[in-house]
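J.: First the structure, then my questions, so here it is.
Each reported figure results from applying straightforward, stated rules to the coordinates on display, with no laboratory input. It should be emphasised that the depicted structure is a prediction, and the values quoted were computed from it without experimental measurement. Neighbour counts are summed over all protein chains in view; Cβ atoms, including those assigned to glycine, are modelled from backbone coordinates with ideal geometry.
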Amino acid sequence: MLAVRMISPYWLLLWLGLGAGEEQHYATSTRHLAFLLQVEDELLATVRQYAVELQQKVDTMRALQAEWMARRVEARADPVSYVANPLRSLPLIRRMHVDARKWLDFARLEVGQEPLQQLADFDLSGISPMDFKEAADGLLRIQEIYDLDERDMARGKLRHKHYNSRLNSADCLALGVHLEDLQKGRLSGKWLEVALEQYEDKWEPIHRLLQVGRSQIWQQLGLTLISTHDLQGSHAAFTKAVEGASESEDVEIARHLADNLGYHFVHQRNCQGRSRLPVQSSLRCHYSAEGSAFLRLAPLRMELLSRDPLVALYHEVVSAAEQRHLMLLSESQLQRQRGHQYDKIRTFASASVAANATPTVEQLHRRLEDITGLDLAESEPLRILNYGIGGQYYIHVDCEQPQTHVEPYPKEYRLATVLLYLSDVRLGGFTSFPALGLGIRPNRGSALVWHNANNAGNCDYRALHAACPVLLGTRWVASKWISGSGGQWRRKPCRK
């Protein structure tokens, strides 16, 4: 039940007329709404009394500060001479022995106990979320039926006439959130834009206290624009939220989504063959003949695309006969990825091929060990993936950081990945590394190698990658996730 302290006889009669103790739906009756004005007045009076008592304490403390500072200005010039005068040294000792203790007791004293208790006793449980929902629905119904502009409404203009009322930024934000809950993203975005326009900097401390600051509005606008598929606008809104946030504001959602949307746009450029990777003189193409007798006899042409994290492209690794063998081996076993959560993330068919499936597969595994310098004994089976038109695997990492484990690398930890290109793709189908600005065109017979773990054994999220949608043609690849306890490093490449 709502508090009724200090209610005037008129308001008390009104309250009794409403039916004290009964659940009310305030938004559906102007009489019910009128009672809320008195409740708000009572709450304001209690807050005012609490503020007065707090201010009295602040004024007293400031008077003490002014008195002490006046003496300190004189003493600062020559402290020794100052205390050499007994008419100054005795008061100093007395102040520190007697006055300072009393001032500390006063500073520790909690003021405003009575109004503070009244505030604690206030019962607002009678006002429910349904009340706001009904009020918001009513206002939006008015907007729709009378074809009102949200900016005019916020500024107090109804049907060509201005009234002495307005909606502040918090009101507009609440309407925007309500509309988003109703899945009316476009209208929600309009109200959130008005919330930014109605924002008044002079009330900034209050906005932040109530968690309706400018950064919160930008963050909500970013979420709304995602629902309307405006990713460019969403990224800009999240960036604004992060840039304008204070230390006390929680904008981690905005920061996370801004980063990920940024990756999305880089991913788009990578897929279109417009990678923005800067030229680095230390990255080069050469013949790799290190680490094994096989490579010394038959060195492979390698392009070092990234040194940290390691991303390298080896050319002419898989012969045409081996490519056909792997595709034929998997054709009868290809299965569409199952699971609702993967419908948009993973759109391809795949099949698993054991390391000892055929002599050709065994030979290929030994070659991958020579190339990577890793023992593949503990690794997962080779996976053959086939992508049709529009087939993709959206941005992801192959490793997942374990929550708790004793060993530096748990057995299932994917240290590195090898991607074998079994076909060319007429258009699209690039392999994209958004955090690195890399887009690699499928090159039949090549092997793309990258490390998923950094030198500390943690998942390296710079190795985020994706398979771009196939625009024309088909994409066949074989993926080898190299897992294990970490002891399989036969030779980990140096990073100079």
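J.: In what sequence, highest mean first, do 131-143, 156-168 appear when ranked by Cβ atoms within 10 angstrom? Don't skip to the answer; put the middle values down first.
T.: On the way: 131-143: 15.5, 156-168: 11.4.
The peptides rank, most packed first, as 131-143, 156-168.
J.: Continuing with this model, one more query. Between the DSSP loop rule and a limit of at most 15 other Cβ atoms within 10 Å, which GluC sites (Glu not before Pro) in the stretch 64-110 are left?
T.: On the way: sites: 67, 74, 110; in loops: 110.
Answer in residue order: 110.
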